[in-house]
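Participant: Below are the structure tokens for one structure; questions will follow.
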Amino acid sequence: MITKILPIALLVSVFYIGSVYSSKNLSKKLEKRSQLFRDPVIENYLKAFQSILDLRKLKIFVLDEKQINGLVTPNGNIYITQGFIDQYKLGQVSGAELASVIAHEIGHLALGHTKKRLITFSAVSAISLIISTVLSRLIPYLGSIIGRYLSQVLISGLSRKDEFEADSYAAALLTKSGIGTAPQISLLKKLEKLTGIAASTITWTLSHPSPEQRVKAIRDLEASWTTEIKDQN
């Protein structure tokens, strides 16, 4: 039994070490391409988050990217792309909406998603390689394609689960800070227009749920909170 598991464990370890190394390199590259974001409106929201979470000063960095996105790295840095900041300065995105993005990224960090992804990606990559090798012997050429596709589906599914969890965390943080979920929902509704990318009806290979799915999940969460309060009373 051990002799069968050991090669898989070694393969996972190799992928994990590679993922950690790549992650550190990516963090360094992002730091070189970013600068500290200073804005009085956003800083007020950050102070509200800090008081609730009992954190030291939150730092947000602007990443020199035209795409509209937010991300967090395993070392704890939160980045908002220049494209997002430009939309904020143009008034297309409100301060509260931008704060909801930051709350979402704080959720990823607080829930350990960035570090968990290194482990899950390594495990899935190792298993995918084994499946691809086996299938390629049974089905030449197509076997490796099927293996990679299954890997993508699994990793994407795990990523979408993380996105829902980060949205839930952000919804709770925004509610406790007095902002509420309205900005979070309004931003998700205008996301397609801002990015210029239409949501796909086929979601199983996508890393993010559709905006409609995310909005529904947030509203369902709010409804459950309302039910809990009524039950307590």
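The values are calculated or read from the model by the stated rules, or taken from the named source; none is laboratory data. For clarity, every value in this text was computed on a predicted model and none was experimentally measured. For accessibility, only protein heavy atoms count, side chains too; no ligands or nucleic acids. Shrake-Rupley method; radii C 1.70, N 1.55, O 1.52, S 1.80 Å.
Participant: Given the whole protein assembly as supplied and a 1.4 Å probe, what does the accessible area of ASP220 come to in Å², nearest 10?
Facilitator: Rounded to the nearest 10, the figure is 80 Å².
Participant: Follow-up question, since we're still on this one. Which value, in Å² rounded to 10, gives the accessible area of TYR45 with a 1.4 Å probe and all protein chains present?
Facilitator: Using a 1.4 Å probe on the heavy atoms, I get roughly 60 Å².
Participant: Given the protein chains as shown and a 1.4 Å probe, how many square angstrom of LYS116 are accessible, to the nearest 10?
Facilitator: Accessible area of LYS116: about 80 Å².
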